Amino acid sequence: MSAPDLTTTIQKLINQESLPDSYADTVKKTILPLAQHIHSLRQARTEPITIGIHGAQGTGKSTLTEFLRELLTVHYRIPTASFSLDDLYLTRAEREQLAEEIHPLFLTRGVPGTHDITLGLQVIDQLKAAGADTETPIPAFDKSRDDRRPAHQWPVFRGRAEVILIEGWCMGAEPAASDGELMAPVNELERHEDPEGTWRQYVNRCLRGEYGDFFSQVDCLIMLKAPSMECVLRWRTLQEHKLRERAGSAPKEGEKNGESNQPSRIMSDEEVVRFIMHYERITRASLAEMPARADCLVNVGEDHSFGEPLIRQRQ
C-alpha cells in the first residue's frame, strides 16, 4: 500500500461521512487491521468470501462497512461489494400483509420475518458468479419513507465481487433454544402488544429457519459490541435526528418524474423508544452470547470509540 494514497483515501472518507479528523486514529487502530484480516482470508480461499458485520443500532456498522469497502477496493485491489440487511426489508405493502395475516407488530420493519431473505441470497449468488462486465443491482431501502426504493434506483455493482460485506443489527444472531424462553416479556411492547407471544415465536422460527441459512453464508463474523441497551437507544435516537435533518434539506424525490411523493416516516423520540423495543430481545441476547463466538470482536465505547479488534482464526 502507498502511504500517501492511503492517507488521502482515509481523509476523503472522513470528510464524506462528516467525521472528526481524529477518526483517522480509529481507522489505523481498528479498521485497517480488519481490512488486513479480510485480505488474508481472501488470499487463502479460491472463491469469493462473505463478511457479516453485526452491531446494534448506532454502533457504526455502516461507517465501518464504507471504510472497509473502499480500503479493500482501492488499496488491496479486491473488488468488494456491500449491502445492508436493512436494504432487504420487505416493501411496506408486503409488511402490511404480514401484519394482517400473522401479527400487527410486523408492520414495523426490523425483526427477522420482515426481510426478503430470498432476494439477499440471490444477490450473494449473482455477485459471486458474475463475469467481468456483469451488472448486479443491489437492493436499496428508503427509511425516511419506510419502503423499498424502486428497482431503477438501486445501485449497480459491475463485475465479480471477491469480497461481499453484509451489515445488519441481527447479522449472525441465534434463535432462542425453545418457545419457553420467549414467554417472559422483556419490555412493555411485548407485555401489552404481544401477550400470547405470537409475534416473538414467529420471529424466532424465522431466525431458526431461512435467516440461519442466510447467516451460514458468512465466512467471517465481525461484531461491534455496544456497551449497553441504554446506549443503543441514545444512539438510535441520534440517527433519527440526523435522518430528519437530511430529509429536511434534500430535494423532494419523484416530482420531476411525475411520481407521487410518499409522506416522510421519520420518527419522533417517543416513537424511537417504542421502535427499539422491537429489537430489544435479540439485541440483549446477542450482546450476551455473540462476543464468545464472533470471529472479530470490536468493543464500542459509550463515546462511540472503537477498541482494537480481537481477531480469532476459525478452526
Kindly report the accessible area of region 1-105 per residue (heavy atoms of protein chains, probe 1.4 Å, no ligands, DNA or RNA), in Å². 44
Mean Cα-pair separation over length for the chain, i.e. relative contact order, pairs under 8 Å, 6 or more apart, %: 24
Kindly express, to the nearest 10 degrees and within the range 0 to 90, the angle between helix 198-208's C-alpha long axis and the longest C-alpha principal axis of the chain. 30
Using eta = 0.890 mPa s and T = 25 °C, Stokes-Einstein with Kirkwood Rh from Cα pairs puts D for region 116-208, in µm² s⁻¹, at 151
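Between their Cα atoms, which of 12/128; 12/242; 29/242; 29/143; 128/242; 28/128 are more than 25 Å away from each other?
Result: 12/128; 29/242; 29/143; 128/242; 28/128 exceed 25 Å.
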Residue with peak Gaussian network fluctuation, the chain [Cα springs, cutoff 10 Å], from 155, 20, 48: 20
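Give me the number: length gained by fully extending residue 177 to residue 205, i.e. 0.36 nm times residue separation minus the C-alpha to C-alpha distance, one decimal in nm. Could the numbers behind the result be given before it?
Values: separation 28, 0.36 × 28 = 10.08 nm, distance 1.04 nm.
Roughly 9.0 nm would be gained on extension.
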Inter-label distance for residue 246 and residue 21, nm, one decimal - labels placed 7 Å from Cα along Cα-to-Cβ: 2.5
Estimated inter-spin distance, residue 93 and residue 119, nm [label 7 Å along Cα→Cβ]: 1.2
Rounded to 10°, Cα long-axis angle of helix 269-289 versus longest principal axis of the chain: 70
Counting only heavy atoms of the protein chains, get the accessible area per residue of region 122-218 (1.4 Å probe) and round it to a whole Å² value. 45
Of 295, 125, 194, the one that fluctuates the most in a GNM where the chain has Cα springs shorter than 10 Å: 125
Which percent of the accessible heavy-atom area of the chain goes to carbon and sulfur, probe 1.4 angstrom? 49
On average over all directions, what projected area in square nanometres does region 1-90 have, based on the convex hull of its Cα atoms? 6.7
Once you have the Kirkwood Rh of the chain from its Cα pairs, apply Stokes-Einstein at 37 °C and 0.692 mPa s and quote D in µm²/s. 160
Can you compute the charge dipole magnitude of the chain about its Cα centre, using +1 on each Lys and Arg Cβ and -1 on each Asp and Glu Cβ, nothing else charged? Give it in debye, rounded to the nearest 20. 800
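How long are the three semi-axes of the equivalent ellipsoid for region 122-175, computed from the Cα gyration tensor as the root of 5 times each eigenvalue, in whole Å, largest first?
Result for region 122-175: semi-axes of 22, 18, 7 Å.
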Cα-based helix-to-principal-axis angle, 32-43 vs the chain, degrees rounded to 10: 80
Simple spin-label estimate for residue 28 and residue 273 in nanometres, 7 Å along Cα-Cβ: 4.3
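The values are calculated or read from the model by the stated rules, or taken from the named source; none is laboratory data. A quick note: this is a predicted structure, and the numbers were derived from the prediction, not measured. Please note: Cβ atoms are built from the backbone with ideal geometry, for glycine as well, and neighbour counts cover all protein chains shown. What goes into the accessible areas is simple: the full protein's heavy atoms, side chains included, and nothing from ligands, DNA or RNA. Shrake-Rupley method; radii C 1.70, N 1.55, O 1.52, S 1.80 Å.
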